[in-house]
Amino acid sequence: MLKIGCHVKMNAPDYILGSVKEALSYGCNALMLYTGAPQNTMRVPTQNMKIEEAKSLLEENGIALEDVIVHAPYIINCANVVKKEVAELAKEFVLKEMQRTSAIGAKYMVLHPGSYTSATLDEGITQIANTFNTLEEDVKDVMVCFETMAGKGSEIGKTFEELAMILEKLNRPERFGICLDTCHIHDAGYDLTEFDKVLDMFDHTLGLSRLHVVHLNDSKNEKGSHKDRHANLGDGYVGFDLLNQVAHHPKLTSIVKILETPYIDGKPPYALEIEMLKKGSYDEKWKTRLL
Ligand code: FE
Ligand code: FE
Ligand code: ZN
């Protein structure tokens, strides 16, 4: 069965319970949430997040906790070697975020590797590895999944090789995974019309067993643009058919797919996008809704 979800909000007063309710309203059987606003690091204590109620609702609906993904806020930069304070804050926050993920009972925490800013790629990669190799505490039940990136600015992770370089420097690489974002790899220059080849490259460089989350997004820009602007399914340069193939790829059946596509006229598009993916076919009506 297709494991499909989307990113959902997490707001007071219902927090994670609200996130699960939102996901269910779209027909999701998986979801991804941020433990607060993705743009900042202010967080409420996990005791206030209605975790137990959320777990009961998940169970009632047959959704495994493993299919609830946490995404770390994208402002934390674990690759920053230029500013010591930023690096220290990133490290502290990453540990807390892993603890929150554990408290929620989720297993996978998606993280953008970071940007090397005015340093070098190599220094950035070393800094990411150091961040995790020197964490004061261990959060054994959480697996950090580095996300494939579009390569905007000095973003690390625009090639599978760069991600492999991070893993090579980690003391316990077996404790880390990868999240593959279709918009990002397209923007980074991978050709999704030959997705089998892309998966082979992934397998050779990183190992397919490391892949735990797929972000399913179309892209507003051409292949290799290094832009990172997500489009709704079928509304971008990748197209519905290729994304549908990724969603239903036989090698990826056990892997959660998460939509991070933009709202349309202030409304979430996920119920319709999920419906199309479940059917496996594009709905022409959907196109007219976009225009
Ligand atoms: Fe992301
Ligand atoms: Fe993503
Ligand atoms: Zn993105």
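Remarks
- Across segment 165-182, the qualifying residues are those that are acidic (Asp, Glu) and more than 16 Å from ligand 1 (Cβ to nearest atom), and the one among them that is farthest from the chain's Cα centre (by Cα) is 168.
Yes or no, residue by residue, for (1) surrounded by fewer than 22 Cβ atoms within 10 Å (Cβ to Cβ); (2) without any contact (Cβ under 8 Å) to a residue 12 or more places away in the chain; (3) within 24 Å of residue 9 (Cβ to Cβ); (4) of a type in the set (S, T, N, Q):
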site	(1), (2), (3), (4)
188	no, no, no, no
191	yes, no, no, no
197	yes, yes, no, no
200	yes, yes, no, no
206	yes, no, no, no
209	yes, yes, no, yes
218	no, no, yes, no
221	yes, no, no, yes
252	yes, no, no, no
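- Selection status of residue 38, within 16 Å of ligand 2 (Cβ to nearest atom), touching a Phe, Trp or Tyr at 6+ places or on another chain (Cβ under 7 Å) and open to solvent by less than 10 Å² (accessible area, probe 1.4 Å): no
- Test: residue in segment 67-76 that is open to solvent by 50 Å² or more (accessible area, probe 1.4 Å) and under 19 Å from the mean Cα position of the chain (by Cα): yes
- Of all residues in segment 94-119, those satisfying the criterion of being within 16 Å of ligand 2 (Cβ to nearest atom) and over 20 Å from residue 51 (Cα atoms) are 111, 112, 113, 114, 115.
- Residues (closer than 14 Å to residue 135 by Cβ, part of a helix (DSSP H, G or I) and among the hydrophobic types (A, V, I, L, M, F, W, C)) located in segment 68-88: 87
- Residue 7 vs. criteria open to solvent by 30 Å² or more (accessible area, probe 1.4 Å), in contact with a strand residue (DSSP E or B) (Cβ under 6 Å, 6 or more places away or on another chain) and under 15 Å from residue 131 (Cα atoms): no
- Some residue of segment 185-192 being under 25 Å from residue 23 (Cβ atoms), assigned to a helix (DSSP H, G or I) and at pLDDT below 95: no
The values are calculated or read from the model by the stated rules, or taken from the named source; none is laboratory data. From a predicted model like this one, the values you see are computed outputs, not experimental measurements. Glycine also receives a Cβ, built like all others from the backbone with ideal geometry; neighbour counts cover every protein chain displayed. In case anyone asks, the SASA skips ligands and DNA or RNA and just uses the protein heavy atoms, side chains included. Shrake-Rupley method; radii C 1.70, N 1.55, O 1.52, S 1.80 Å.
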